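The values are calculated or read from the model by the stated rules, or taken from the named source; none is laboratory data. Bear in mind that the values here come from a model prediction, so they are computed numbers and not experimental data. Neighbour counts are summed over all protein chains in view; Cβ atoms, including those assigned to glycine, are modelled from backbone coordinates with ideal geometry.
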Amino acid sequence: MNLTAARSLVLALLLPAVAMSAQSGRSLSDVVYATVDDTSLMLDLHLPANERRPPLLVYLHGGAWSAGDKSAYPAFLVERGFAVASVDYRSTNIAPFPANTHDIKAALRFLRAKAGEYGYRAERIALMGVSSGGHLAALAGVTNGDAELEGEEGEYLDQSSDVQAIVSYYGASNLATILAQSTPAGLEVRGPALRQLLGAPPEEVPELAQQASPVFHVDRGDPPLMLLHGDQDVQMPINQAHELVGAYRKAGLFVEFMVLNGAGHGGEAFFQGEAADRVMSFLHRTVGR
């Protein structure tokens with residue numbers, strides 16, 4: 001399987017579960033949050049109906065760090081009263097790490113600056129992502145205040161990019177161990193994707209791989225975290241979730257870990273039923289209703 005086919009397979013697994021439109025409320029499309037090298041970085045904002053100043057969740061799509069876009073988002077969150085900003089960020093086809101993390105933090109600063117204009121609350125923001133977006137959500141979330149990963153994109157450098165809760169669906173956490181943990185099917189996707197993300201295989205750039213790995217940034221000041229992972233995931237090793245859970249517990253932080261029995265890399269089970277209910281409970285507890 002070549003890299004293009006592998007990416008298509010990953011997206012096929014992810015998109016049916018999240019590419020849904022909310023049944024009510026209003027949406028703003030293609031909102032420019034920063035401009036980098038004459039390229040407009042954009043987000044879509046989805047606001048729930050009949051909610052005055054709803055809490056804000058920022059969503060990051062998956063796609064092996066190089067594909068996917070903001071059109072896919074978990075609509076159940078809007079239907080249950082959250083404003084959702086679905087963010088596009090530079091793919092590794094355009095720029096390697098840490099460009100994607102710089103963009104995400106620029107989007108967070110923009111969204112805080114625009115809270116009054118758009119009508120959501122941004123004192124406490126939750127950051128969520130799936131697959132590679134789950135990795136980036138965890139990384140951005142556990143690097144609140146990290147100068148090297150903050151970047152200088154956008155016009156709102158006076159605003160905070162901190163988040164107060166993280167939800168990661170089947171994302172990576174330790175780029176130094178992921179390949180050794182991967183199945184052959186996973187390696188077909190992860191090997192090329194990591195080379196493109198880091199500019200080289202992780203073992204050749206160990207310091208950069210560590211900087212891009214959430215487990216190495218965990219400290220006692222990090223926000224609450226929820227992880228969801230399928231125990232039949234052949235694309236992303238479930239040990240990646242176990243490593244981040246372990247780092248959180250060692251630091252004495254709040255972490256919730258939901259293993260979906262029989263689930264693979266994505267699928268509707270992650271975004272409905274008990275999984276959706278537990279995510280909502282976590283968000284209500286951490287960033288409010």
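Within the set GLY81, GLY68, the sole residue that is more than 17 Å from the chain's Cα centre (by Cα) and either farther than 16 Å from TYR118 by Cβ or surrounded by 14 or more Cβ atoms within 10 Å (Cβ to Cβ) (or both) turns out to be GLY81. Inside the range 61-106, residues that are farther than 21 Å from LEU198 by Cβ and of a type in the set (Phe, Trp, Tyr) make up a count of 3.
In the range 208-231, the count of residues that are surrounded by fewer than 16 Cβ atoms within 10 Å (Cβ to Cβ) and at pLDDT below 95 is zero.
Could you list, in sequence order, the residues of the range 11-44 that are under 16 Å from the mean Cα position of the chain (by Cα) and either at pLDDT 90 or above or acidic (Asp, Glu) (or both)? Residues satisfying the conditions are MET42, LEU43, ASP44. Filtered by the rule that a residue be polar (S, T, N, Q) and in contact (Cβ under 8 Å) with a residue 40 or more places away in the chain, the range 231-286 gives GLN235, ASN239, GLN240, GLN272, THR286. If you go through the range 267-281 one residue at a time, do you hit one that is hydrophobic (A, V, I, L, M, F, W, C), surrounded by fewer than 17 Cβ atoms within 10 Å (Cβ to Cβ) and in a helix (DSSP H, G or I)? So far as the range 267-281 goes, yes, one or more of its residues are hydrophobic (A, V, I, L, M, F, W, C), surrounded by fewer than 17 Cβ atoms within 10 Å (Cβ to Cβ) and in a helix (DSSP H, G or I).
Count of the range 205-251 residues, restricted to those that are within 23 Å of ASP162 (Cβ to Cβ) and in a loop (DSSP other than H, G, I, E, B), is 11.
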